[in-house]
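We did not get these values from a lab; they are worked out from the coordinates using the rules stated. Given the structure is predicted, the values throughout are model-derived calculations rather than measurements. Neighbour counts are summed over all protein chains in view; Cβ atoms, including those assigned to glycine, are modelled from backbone coordinates with ideal geometry.
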Amino acid sequence: MMRRLLAIALLLAAASPLGAQQKGGLDIPYTQFTLPNGLHVILHEDHTVPLVTVNVWYHVGSAREKPGRTGFAHLFEHLMFMGSGHAKYGDFDQLLEAAGGTNNASTAEDQTNYYIDVPSNALELALFLESDRMAYLLDAMSPKTVDAQRDVVKNERRQSYENAPYGMASIEIAQMLYPQGHPYRWPTIGYMEDLSAASYQDVVDFFKTYYQPGNASLVVAGDIDPAKAKASVETWFADVKPGTAPIGPIDYPHANLTEVRKKTIQDRVQLPRLYLAWITPAHFEPGDAELDVLSLLLAGGKNSRLYKRLVYELQVAQDVAAFQASKRLNSEYQIVVTARPDVSIDKIRAVVDEEIAKIQQAPPAAREFTRAINQIESSFYDRMERIGGFGGVGDQMNGYYFAAGNPGYFTEDLSRYRALAPSDIQAVAQRFLPANKRVELVVESVK
Amino acid sequence: MSARTLGLSSRIAAACGIAAIAVTVAVAQQAPDRSKPPALGPLPALNLPPIEKRKIPDGPEVWVVGLHKVPTVHLQWVNTFGGGGNGEPMLASLTAAMLDEGAGQRSALEIADTLDYLGAELTTNSSWDAASVDLHVPVARLPEALPVMVDAIMRPTFPEAELDRLRKERLASLIEVEDDPEQLIRFAFSRLLYGTKHLYGTSMLGTAPALHGVTTADLRNYHARHYRPLSLSVLVVAGDVAADAVMPLLTKAFGTGLPGGNPARLASPPPAQLDARHVYLIDKPEAAQSQIRMGWIGVPRSTPDFFAIRVLNTILGGAFTSRLNNNLREVHGYAYGASSSFDMRRDNPGPFFAGAGVQTDKTAEALKEFFIELARIHEPVPPEEIEKAKNYLALQLPRNFETTRDVAGSLAQLHVYNLPPDYYATYADRVRAVTAADVKRAADQYIQPGKFAVVIVGDRKAIEPGIKSLNLGTVTVIDAAAVLK
């Protein structure tokens, strides 16, 4: 373990003859404070370009949905753009675009994140709009508003799932991985009939329960003066009322697979696809970082084991992916392979199983392992470059605050990977990717 | 997942004329004044990073931009010979794809291993207008990664086995296109607009017969003709470097330029514009949505109406609050999003198109709304709508200069499209200069829906009667495989 760590440190410490000015790169300075209403605020100053991001995470996602109301957290996300007490419907986007801003939001199982990116002279406008919908959303809400976005979301489902090749696979896999009632069993996009059933009263209840400031965190990052930004945030969010009851963690028994669950579904695709899935350790739990490294060993680049055999050498697959989808209650590990024409899925599965068995039997070679760690280290630098948008520094700071309680967790996160040894990867493959406890989904051509 | 907006890409431009108001720092915890939206402060200046221009003897021009936030660097090498300028789009594309499949002394696997070990990323690409090679790498590892990039540009080996592999991969990709309505409609639209005779009518991916016929000799020949001399190319270096320090490294890596090269562009004839509206229908039984794309032949990148067209398209379908998205998504709920775009290319006019994925049972209703908006764009546009579009374009300029990738890519555009050095510095002013009359003139000249090709990929049984009842023009049913041939 120690040997590997030193080897990486040496690469980093190589003297740069190129006029480099920066040494560390992962130290993100910030200040944070909590308002009396419970809203946690994080400020980060960066004047690279005259832009500011206002990024909010509400710590609620589809895992909190009730039976018969799947897809509601995401539908609610859409409603957050439909006007609030002092910004009538349409103002949000009209005002921001006229100021040169962009915005978006996304919903996952555990959280819902929103961002507004604006030129730094429009920070007050962004804070006004963001605080107004946190405080006064319901003042502008009506059953008609809910109906309008219900139609949009149904079309999002048609476009991204029903009409997309292999689009229904992710919905099937969740149903195979988790038992009835498990918070990760239903899709974030929701079932069509549940989208139809969502009511105005559901919106009121959901907002009051989960969109309280104590269940959210706000990052303001970019071209700011932190003292002024702090005063502005304190002003704009002062009239957001605190929630009545704090939100505790989801208390649900850990899901475990005890057998192989197989299913074949049909789609209008000519190339069949194999999905293997396991339930794995939650984000930041032991095993989580190891499984990220395993993903690179299996499917990161031409020399990775599955890519090299299936796509490069045997040429029986069109593509291969392996990834750990890290989440709060537990994560999911997936291996996905698309077959070339006239190649049987059984043949592909046999090769995948051979490769999993190999990594379970022996640790990766030193260079192979270091290659993966170096790729991860490099990706951390990439993630430092953009401040706004999904995956920008502001969004990541909220993510780290949510998952680790520390918005500047970049260095600590990277150190998880630097501390690993090749044998750790072998160990997680043995422990978390058993051949006899997993989900196997095949998507085949419509007969 | 489940993001709210589609990626409506928009570039740049102008300053906003709203009066400067000092930021009010109110006493903490006091209720804010929500009676009206807060005024905007004075526009912040975007200080475009200075470019140091150098030259490698017999090699590319080098433009160095220091960005010192993160210890990383992005190099983009670019020439002006893409698939659109030489009559051989598939060869251009395959040649670029093969650059990292064997170069210098390294095999494809050795190239990948070397770069992955360094945490570097090498990308090779050909668009219609340019070939490019990008290297993104932690700055401390640039000396080791750079020779691999230079080998890919100068000394690709085009191994037979690797071409055979990529050939099979592309043949399978064509099958995937046929299965994916969102991809299929792009291929179909280009073919129906440009036909088989004009090179824009066929994807740079190639067709099955062309892929079967291509040889490594073809690629070697293409490379020899279009990647030399290097003096016609530019290398943009953006990141945690200084020009004086990095130039010796670059000069050594490129070494002595290779002789030869005959990069004269073959002028392909301009495509014939459409003269009547036709509807084309590709059947996807039981599809939940119909993919719609309509339009005609647009403008080349060199159009003198570039800025007027950008403002026009922002209003019509280039932003979230644009008319098409507002109508199809917000007002009617027929679609997750709707947009329009002028795809501008250097050598010939690229397409203009508007489109959306709409729910199957509202296909005819959605088509009707598209044509309502395409007619309404010819009426005078309210001044505040033009102002909003101009601000939106102008004020997004800083987004193109935030990351090392952004900066390298933005500057490379200057070379590919022969733009003046002050292009970005004057961009905002030029957007601001667009008038209502310019927008009206551009709409009248470049958007004539009576001559559009209207392509729909959807469930024929469910949608054909409704489409026919609109009397848009002749309805022709075509086969998916036919547009991929």
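A few comments on the model shown:
- Note on the protein assembly as shown: with charges restricted to the Cβ of Lys and Arg (+1) and Asp and Glu (-1), its dipole about the Cα centre is near 1180 debye.
- Net charge dipole size for chain A [Lys, Arg +1 and Asp, Glu -1 on Cβ; Debye, nearest 20]: 1440
- Entry note, the stretch B:134-266: relative contact order of 31 percent, from Cα contacts under 8 Å with a spacing of 6+ residues.
- Relative contact order of chain A, pairs being alpha-carbon contacts under 8 Å that are 6 or more residues apart, as %: 23
- Spherically averaged projected area in nm², based on the convex hull that wraps the Cα atoms of the stretch A:31-236: 12.2
- One quarter of the surface of the convex hull around the alpha-carbon atoms of the stretch B:270-314 equals 5.2 nm², the direction-averaged projected area.
- The stretch B:271-316-the stretch B:121-178 distance, computed between alpha-carbon centres (Å): 31
- Neighbour-count ranking [beta-carbon atoms within 10 angstrom, fewest first] of A:234, B:176, A:77: B:176, A:234, A:77
- Mean-position separation - Cα centroids, the stretch A:78-124 and the stretch A:134-161, in angstrom: 15
- The stretch B:52-254: relative contact order as a whole-number percent, Cα under 8 Å and 6+ apart: 39
- Rounded to the nearest 20 debye, dipole of the stretch A:31-236 from Cβ charges on Lys, Arg, Asp, Glu: 500
- Three-way shape label, chain A, alpha-carbon gyration tensor, a/c 1.5: oblate
- Taking other C-beta atoms within 10 angstrom as a stand-in for reagent exposure, A:254, A:182 fall in the order A:254, A:182, fewest first.
- Unsatisfied cross-links (Cα-Cα over 22 Å) in the set A:144/B:362; A:262/B:168; A:262/A:347; B:362/B:468; A:347/A:437: A:262/B:168
- With both residues required to sit in chain A, DSSP beta bridges show an antiparallel share near 75%.
- Sites residue B:482 and residue B:429 - FRET efficiency at Förster radius 56 Å, r taken between beta-carbons, to 0.05: 0.70
- Beta-bridge orientation, chain B: approximately 70 percent antiparallel, per DSSP, counting only bridges with both partners inside.
- Mean per-residue shielding of peptide A:233-240 is 5, counting Cβ atoms of other chains within 10 Å of each Cβ.
- Among the residues of B:117-125, the average count of other protein chain beta-carbon atoms within 10 Å of the residue beta-carbon is 4.
- The stretch A:266-328 and the stretch A:225-249: distance between their alpha carbon centers, rounded to Å: 41
- Inter-chain neighbour count for B:41-52: the average number of beta-carbon atoms from partner chains within 10 Å of each residue's beta-carbon is 3.
- By other beta-carbon atoms within 10 Å, ranking B:106, A:418 with the fewest at the front produces A:418, B:106.
- The peptide list B:459-467, B:280-288, B:183-191, put in order of mean Cβ contacts within 10 Å with the highest first, becomes B:183-191, B:280-288, B:459-467.
- Unit charges at the beta carbon, dipole of the stretch A:237-356: most positive-side option, A:298, A:283, A:252: A:298
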